[in-house]
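Structure first, commentary second.
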Amino acid sequence: MSDSSTSTGAHRAEQPAPGAPETSGAAGAPGVGHAARGPAARGSRSGNAPKQIGEPLISARGVDKFFGDFQALKNIDLDVRRGEVVALIGASGSGKSTLCRCLNRLETISGGEITIDGQLLPEEGKELTKLRSDVGMVFQSFNLFPHLKAIDNVTLGPRKVRGLSKADADQQATELLERVGLADKANSLPTALSGGQQQRVAIARALAMKPKALLFDEPTSALDPEVINEVLDVMTELAEQGMTMLVVTHEMGFARHVCDRVVYLDQGEIVEQGDPEEFFTNPRSERAQAFLSKILAH
């Protein structure tokens with residue numbers, strides 16, 4: 001999967017934010033011009049109502065992560081506010097996915113603390129299961145159960161963890177599959193679905209738990225180029241509807257035009273963060289400038 005923004009840049013260029021100015025992009029940042037999403041362009045893309053961003057829902061303070069002697073995360077301080085869409089970007093191996101996985105304890109941290117909606121992330125047990133269900137995860141590799149139909153992949157969590165009846169879970173799953181454009185694939189096994197369709201089932205599965213936030217770990221990097229946009233369309237709709245989202249991504253068009261904030265990681269530390277338009281047109285740090293010059297050069 002290329003780090004170029006070609007596919008999503010074109011995709012988002014067709015749908016500028018209402019009232020948002022168009023820019024040609026900064027020198028050294030070709031291919032990512034078009035609708036800005038800066039502080040003056042935070043309104044809904046489907047209307048004029050301003051986007052509501054609240055208090056921190058996910059917070060990390062002083063988070064370190066070691067794999068043996070290798071320090072993957074270094075003193076990470078990060079808030080994701082309620083209703084906010086945050087892009088985690090950086091070169092491969094910079095710690096993006098590790099941080100994402102630490103936020104719902106798929107990876108344990110070596111130091112610091114993480115809170116979800118004001119509650120310290122438990123180390124294990126039922127409290128961890130409960131809190132983890134409030135923060136949905138969409139993986140790069142889909143992770144659907146291959147022997148279960150699409151609708152059964154979506155209903156499994158609500159029935160086992162939330163205690164929903166089969167009838168209620170089936171009704172919810174049907175509505176969610178329709179929401180992601182897959183109502184006609186409810187009875188299909190994952191092997192009968194394209195990669196983009198499987199990822200949309202995975203998003204429906206995460207939404208079925210009625211999470212307070214969603215974490216996306218490079219959700220398009222395993223997809224063929226022609227199906228990337230169908231997944232990004234669903235994610236964009238979720239962003240417009242106010243879902244709190246943290247997205248590890250190489251899709252620079254999505255990061256620039258859909259996200260409210262960009263966080264740039266390098267060598268396990270947050271180097272720079274801020275408004276996407278400002279970051280892509282005027283990065284402050286030399287490391288961010290070097291990163292953008294490489295990925296936006298074509």
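The values are calculated or read from the model by the stated rules, or taken from the named source; none is laboratory data. Keep in mind it's a predicted model, so treat the numbers as computed, not measured. Please note: Cβ atoms are built from the backbone with ideal geometry, for glycine as well, and neighbour counts cover all protein chains shown. We work out accessible area using only protein heavy atoms, side chains counted, and drop any ligands, DNA or RNA first. Shrake-Rupley method; radii C 1.70, N 1.55, O 1.52, S 1.80 Å.
Couple of notes before you dig in:
- Residue count, region 67-89 (criterion: among the charged types (D, E, K, R), touching a residue at least 24 places away in the same chain (Cβ under 8 Å) and not in a strand (DSSP E or B)): 2
- Residues of region 276-291 that are open to solvent by less than 30 Å² (accessible area, probe 1.4 Å) and either in contact (Cβ under 8 Å) with a residue 60 or more places away in the chain or hydroxyl-bearing (Ser, Thr, Tyr) (or both): PRO276, GLU277, PHE280, SER285, PHE291.
- Restricting attention to region 90-133, the residues being within 18 Å of the chain's Cα centre (by Cα), surrounded by 19 or more Cβ atoms within 10 Å (Cβ to Cβ) and in a helix (DSSP H, G or I) number 7.
- Reported count of residues in region 69-104, each being on the phi > 0 side of the Ramachandran plot and touching a helix residue (DSSP H, G or I) at 6+ places or on another chain (Cβ under 6 Å), is 1.
- Criterion violated by ALA202 - all others in (1) open to solvent by 30 Å² or more (accessible area, probe 1.4 Å); (2) within 24 Å of LYS130 (Cα to Cα); (3) touching a residue at least 12 places away in the same chain (Cβ under 8 Å) satisfied: (1)
- Hits in region 151-164 (condition: touching a helix residue (DSSP H, G or I) at 6+ places or on another chain (Cβ under 7 Å), open to solvent by 10 Å² or more (accessible area, probe 1.4 Å) and assigned to a helix (DSSP H, G or I)): ILE151, GLY157, ARG159
- Test result for VAL234, of a type in the set (Val, Ile, Thr), under 22 Å from GLY195 (Cα atoms) and surrounded by fewer than 20 Cβ atoms within 10 Å (Cβ to Cβ): no
- For region 59-66, the criterion of being in a strand (DSSP E or B), within 15 Å of MET245 (Cβ to Cβ), in contact with a Leu (Cβ under 9 Å, 6 or more places away or on another chain) and charged (D, E, K, R) is satisfied by no residue at all.
- Candidates ALA202, ALA173, ALA192, filtered to the one that is of a type outside the set (Asp, Glu), out of contact with any Gly (no Cβ under 6 Å at 6 or more places or on another chain) and within 20 Å of SER97 (Cα to Cα): ALA202
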